[in-house]
Amino acid sequence: MKHDRRDFLGLGAVLLASSALAKTSQAQEHNHDFHTNGVKRQLTLVKNPKRVLSPSTVITPRKGKKYNPVVTLNGWTLPYEMKDGAKEFHLIAEPVVREFAPGMVVNCWGYNGTSPGPTIEAVEGDFVRIIVTNHLPEHTTIHWHGLIIPNGMDGVGGLTQPQIAPGESFVYEFVLRQSGTFMYHPHADEMVQMAMGSMGMFIVHPKNASEHKVDRDFCFLLASYDVAPGTYTPNPSTMTEFNIWSFNSRVFPGIDSMNVRVGDRVRIRVGNLTMTNHPIHMHGHPFEVTCTDGGWVQKSARWPEVTIDIGVGQMRAIEFVATEEGDWSFHCHKSHHTMGAMGHSIPNMIGVKQDDLSEKIGNLMPDYMYMPMGKNGMAEMQDMAEMGMALPENTLPMMMGQGPFGPIEMGGMFTLVKVRRNKPKDDYSDSGWYHHPHNSVARKV
Ligand SMILES: [Cu+2]
């Protein structure tokens, strides 16, 4: 039987156990500031303790060709070594613990300690060697989604190579013949391994650094999970009923903001390895799709959009010049995908009279306080969550995030593009909430 948070608390029948009011399940998290290249970064240690670098860590290449590195939201770039003329990368497929947001950790499968795995970055023309070691409990492979490579390097278990058994290491070697945005994921027991979070991005920068040049270059993967409230492991047999919708296996407000300066040309590369499409929408700036996982889109074939639907197994890179200052929402436009686990298939209580229910339920269950909810919409849910509404262990409320004007009432696939004018060059730290100019905020009359 499918069970989720609705079995614990149907909306419109929120039971507040007074003893549970103060109980929240915060992950044990410690933040440490550190500096790289003069930019302040924050290292978040989660309780397992696997390390998550945040905000988005840029690892500038010390050897090899120069390029403007991507910023992987709540992620990192895999370092490499030059060996025998190749850029040599090591990927270890292994079980990991991922914190989706403070209050929820999930047993995932990933690479090198994180899920998604680290971003691989290299340059068009590079000869790369990727040594994949399998520390998963079952066999695996890696497929290099979108890359033009010899057939025997394509990573389809049984078809182009033997499976990589637990404990074994396989070498993939190929020349990067194109630039663009690609993905890596297993092509072995795919249903399970991708549902558990085995995936990562593969960025190939143009050989000619002046081509497709941007000032800020972000990337992340869309990933969905079915983690029943009170549990810690995704259900890999779920096909449609996911309850966690994430950017790089993080959910709002646990997702890095994308911080840019006025005048920056910005690229955001979004790959979709979920089981449904996601219309990704940006506020404040029209954009153009400049690249797909099939390659760059010619200038004459681009048109303006503010929402781009990203299908299953697709990547879309969008670009715009940041001209408008402010905190701009960037999210999936399927409204159920900007919600926590509680936002799905709840009983519809809109307009339902519940006035005498409190008394009736109080008589039946004297230890509980029944609060009629949902009659006038669901906006009150976030207030309840913040008051300490009893939740099952290890799950997140339907709506989260506090903004400068109150609850933001979002969750899941939602973050912000923060455009600022007066930031020092190369300072892309989070500058907090936007301070609106006098008389420029919608007001009560
Ligand atoms: Cu979506």
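A short reminder: the numbers here are calculations on the coordinates, not readings from a lab. Please read these numbers as outputs of a predicted model, since none were measured by experiment. Ideal geometry is used to build each Cβ from the backbone, glycine not excepted, and the neighbour counts take in all protein chains shown.
If you average the C-alpha positions of the stretch 148-168 and of the stretch 257-308 separately, how far apart do those two centres end up, in angstrom?
Centre-to-centre distance over Cα atoms comes out at 32 Å.
So how do 394-404, 208-218 stack up, highest first, on mean other-Cβ count within 10 Å?
Details: 394-404: 20.0, 208-218: 15.8.
So the order, starting with the most tightly packed, is 394-404, 208-218.
Fewest first, what order do Glu393, Glu305 take by the number of other Cβ atoms within 10 Å?
Numbers: Glu393 12, Glu305 17.
Result, fewest neighbours first: Glu393, Glu305.
List, in the order given, every pair from Lys418/Lys444; Lys66/Lys213; Lys66/Lys87; Lys334/Lys444; Lys66/Lys207 whose Cα-Cα distance in the structure shown is over 18 Å. Present the calculation step by step, with values, prior to reporting the outcome.
Working: Lys418/Lys444 25 Å; Lys66/Lys213 13 Å; Lys66/Lys87 14 Å; Lys334/Lys444 29 Å; Lys66/Lys207 9 Å.
Distance filter (> 18 Å) returns Lys418/Lys444; Lys334/Lys444.
Between rounded, prolate and oblate, where does the stretch 134-267 land on the alpha carbon gyration tensor, with a ≥ b ≥ c its root eigenvalues, rounded for a/c under 1.5, else prolate if a/b exceeds b/c? Write out the running numbers ahead of the final one.
Numbers: a/c = 2.81, a/b = 1.12, b/c = 2.51.
Oblate is the answer for the stretch 134-267, as a/c is 1.5 or above yet b/c matches or exceeds a/b.
Evaluate the stretch 258-344: find the radius of gyration of its Cα atoms, find its Kirkwood radius, and give the ratio Rg to Rh.
0.99
Report the extension gain between Asp309 and Met191 in nm, rounded to one decimal, defined as 0.36 nm multiplied by the number of residues separating them, less their alpha carbon distance.
Numbers: separation 118, 0.36 × 118 = 42.48 nm, distance 2.28 nm.
The Asp309-Met191 span can extend by a further 40.2 nm.
Would you please put 409-420, 253-264 in order of how densely packed they are, using the mean number of other Cβ atoms within 10 angstrom per residue and starting with the highest?
On the way: 409-420: 24.6, 253-264: 20.3.
Packing order, densest peptide first, comes out as 409-420, 253-264.
If we count other beta carbons within 10 Å of each Cβ, what is the order of Tyr111, Tyr434, fewest first?
Numbers: Tyr111 26, Tyr434 15.
The most exposed by this proxy come first: Tyr434, Tyr111.
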